[in-house]
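These notes concern the structure reproduced below.
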Amino acid sequence: MSSSAVSPASPSLAPIAAKPRLPLIIALRAVASVIILWHHFALYPPLRGWAAPLAGHVLDWFEVHARATQVFFVIGGYVLARSLSHHTWNLRQVGTFVAQRYCRLGLPYLAVVVLIIPIYLLARDTLPESVVGSPASLPQALAHLFFVQDLLDYEQLSAGLWFVCINFQLGLMYVAMLWLRDALAGGSDRPGPDVVGWLGWALSLYSLFHFNLDETMDGWGLYFFPYFFAGIVIHRSLSAGKARAEFWLYELTLAAAMLFEWRWRLASAFVVGLLPFAADHAGWGYRWPRGRVIAWLGKVSYSLFLVHFPVLVLVSTLWVRLEWNSPALALSGLGVSFVLSLMSAALFHRWIEQPAAVLGRRYRYLKAR
């Protein structure tokens, strides 16, 4: 394994091979982002409470059951494994991954932090503290900069930012496994020990039957690791020379964990895992579903995930100050928030997320195994 610096100019290195996009993965991202948006719309006052006489049952369902972040974790594990598992890793390459990942996830996330602080100032005397939180502090902002606010017991500055922190942790955990795999191979062209398999299974079992049972530990990536590893297992089971039995064994393990203690997120991860496995195995995931709307939603899903809460806070502030608190007007406020979230996501994707991704692509150079 080469220890030379990773550089776009290095002749021995090649960019990650482009893999065909799976429309099903794009569709799952699109659906999950909209579900999460409506979960938050159904969770935060005052529009939700005012609209309850007209749409209370629907909003109650979204509040309790519309928790789709595990969809992103499963898909994230699958996509990362599909992109990164066939490359050789040394410490410098791990460093380039961290930089690329921070650009891709962290810069849009920080842009939302900068965006929402003045929105909170505008809304603070109008909306309840359960929405706007306590006034932001410098230590809290610095904790967000390093993705450690949950670990240091600081409030999140916007709904859903915890997910970005966990996603970053999970990516680091996976790349650390790949680095260990190649380090133990000792630079040989022969494959090293199956570190990803053995360590991934061990961490998943520990989490499923112990760590994941303690909700106070949900600031750590290990709490969500079983969902993420489900995506890795899907890729492993579909790769050449790998036994598909591993996927079914992991599904049985998830089922056993649900019998041990029921968890709604495990059930949805169990179902979601079946979809990309069947799609990739049968080939229809490369062809279906097709459609401009679903493709666009999938493309801007991360931006939509980030911007919908600041939009909701702004619309809620306006509705309160105008005293538009009738059920019909409150429901229209949720509809306006949804439409404005889509529009804001398009702008945010164009001017924030895409430039951050372009910057991150400077680091997407790895040595093929």
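Read-outs throughout are calculated quantities, based only on the coordinates presented, and are distinct from any laboratory measurement. Keep in mind that what you see is a predicted model, and the values were worked out from it rather than measured. Because the Cβ atoms are built from the backbone with ideal geometry, glycine has one as well, and the counts that use them run over all protein chains shown.
Values as computed for the structure displayed
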quantity	calculated
Computed P(r) (all Cα pairs; the stretch 75-231; 5 Å bins; percent)	2, 8, 16, 17, 17, 14, 11, 7, 4, 2, 1, 1, 0
Ranked list, fewest to most other Cβ atoms within 10 Å of each Cβ, for 210, 308, 57, 349	57, 210, 349, 308
Sites residue 126 and residue 284 - FRET efficiency at Förster radius 35 Å, r taken between beta-carbons, to 0.05	0.10
Length-normalised contact order for the chain - Cα pairs under 8 Å, 6+ apart - percent	37 percent
In degrees, nearest ten, helix 161-185 long axis to first principal axis of the chain (Cα)	0 degrees
For the stretch 211-369, with +1 on Lys and Arg beta carbons and -1 on Asp and Glu, the positive-most of 322, 257, 270 along the dipole	270
Helix-only CD estimate at 222 nm, as mean residue ellipticity for the chain, using -39500 (n - 2.57) per DSSP H run (n ≥ 4)	-22000 deg cm²/dmol
Only Lys, Arg (+1) and Asp, Glu (-1) charged, at Cβ; the chain dipole about Cα centre in debye	1720 debye
Principal-axis tilt of helix 47-65 within the chain, Cα atoms, nearest 10 degrees	20 degrees
Backbone N within the stretch 264-284 under 18 Å of label point (7 Å from residue 213 Cα along the Cβ vector)	264-267
Helix axis angle, 91-101 relative to the chain longest principal axis, alpha carbon, degrees	20 degrees
For peptides 64-75, 98-109, sequence by mean Cβ density within 10 Å, most packed first	64-75, 98-109
Rotationally averaged projected area of the chain (alpha carbon convex hull; nm²)	19.0 nm²
Relative contact order, percent, the stretch 158-278 [alpha-carbon distance under 8 Å, six or more residues apart]	20 percent
